[in-house]
Amino acid sequence: MQLACKSCTKPIPAADVNLDRGIAKCQGCHAVFSFLDDVGGKSPVVRPQVPMPKRFVVDHWGPELSITHRWYSHGLWILLIFCVIWDGFLFAWYSAAIAGLMSGQANGGFWIMLIFPVLHLAVGVGLTYGTLCGFLNKTWIRVSVGELSVRHGPLPTGGNRQLFTADLKQLFCTEKIIRGKHGPRYSYNVEALLQGGTKLKLLSNLQDLDQALFVEQQIEQHLRIADERVPGEVRV
């Protein structure tokens, strides 16, 4: 049987196939995927313990589990410099346009100056807010009294979750590939499979697979959920 990459369809040589774990790695696009769905097998290997990643803090208080993840990464400084340049240009542009309108010499040219960079303004606001979130925000995951909650803050971003632990059947990690001119970029999600078969995304856009695997493993161990393969999950 010849395996092909699920992302770029390139053939996978036997040396890049792990039969015990049911995973394969594509050297072309570096995607890691499970092929067990294609052959109908089950992974017999118990995943080793994932070490705690940087900027994670875990607390166990009896029946309560708390995981805190700080969003900060060193790459945010590059975004910060870009935002300062981008926002500085927009500030100077709009200052000139507003000064022209208030000078009593208002004409169509100044109104065009106000309207023309609206899309650039929206991009600047979005990038600046996202960068501030990266510096200031944390994610709090709490398992307590039959509930699992995920909260992000202090700046609001959406994505908060709350569900009953009795509804949890399995947790698993998925991979997202964003293709660009400089090559593919990868991010990882932690998702929950509920008893009725519904899938719910708990965390998204984690930059390291170990971060996603660590969260999955900590919650499953705390709730005594046996790790089982879920179709479409990332396995290592």
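The values are calculated or read from the model by the stated rules, or taken from the named source; none is laboratory data. Just so it is clear, the model here is predicted, and its values are computed rather than measured. Cβ placement follows ideal geometry from the backbone for every residue including glycine, while neighbour counts extend to all protein chains displayed.
General observations
- Residues (closer than 15 Å to ARG70 by Cα, at pLDDT 95 or above and β-branched (Val, Ile, Thr)) located in the range 112-166: THR131, THR139, ILE141, VAL150
- Residue in the range 88-101 that is over 28 Å from ARG70 (Cβ atoms), assigned to a helix (DSSP H, G or I), at pLDDT below 80 and among the aromatic types (Phe, Trp, Tyr) present: no
- Candidate set from the range 192-236 (those that are part of a strand (DSSP E or B) and out of contact with any helix residue (DSSP H, G or I) (no Cβ under 7 Å at 6 or more places or on another chain)); member that is modelled with the lowest pLDDT: ASN205
- Of all residues in the range 217-235 being surrounded by fewer than 19 Cβ atoms within 10 Å (Cβ to Cβ) and within 18 Å of the chain's Cα centre (by Cα), the one that is farthest from LYS201 (Cα to Cα): GLN217
- For the range 67-100, taking the residues that are of a type in the set (Gly, Ala, Ser) and surrounded by 16 or more Cβ atoms within 10 Å (Cβ to Cβ), the one that is nearest to ILE115 (Cα to Cα) is identified as ALA97.
- Residue satisfying condition, being in a loop (DSSP other than H, G, I, E, B) and modelled with pLDDT of 80 or more, within set PRO53, PRO44, PRO48: PRO53
- Taking each residue of the range 175-192 that is within 18 Å of CYS26 (Cα to Cα) and looking for partners that are of a type in the set (Asp, Glu) and in a strand (DSSP E or B) with beta-carbon atoms closer than 9 Å, six or more apart or interchain, yields TYR186/GLU175; SER187/GLU175; TYR188/GLU175.
- Considering (1) in contact (Cβ under 8 Å) with a residue 60 or more places away in the chain; (2) farther than 30 Å from LEU203 by Cα, the lone condition that SER66 does not fulfil carries the number (2).
- Residue within the range 91-99 that is in the same structural domain as ASN205 (by TED's automatic domain parsing), over 17 Å from the mean Cα position of the chain (by Cα) and of a type in the set (Gly, Ala, Ser) present: no
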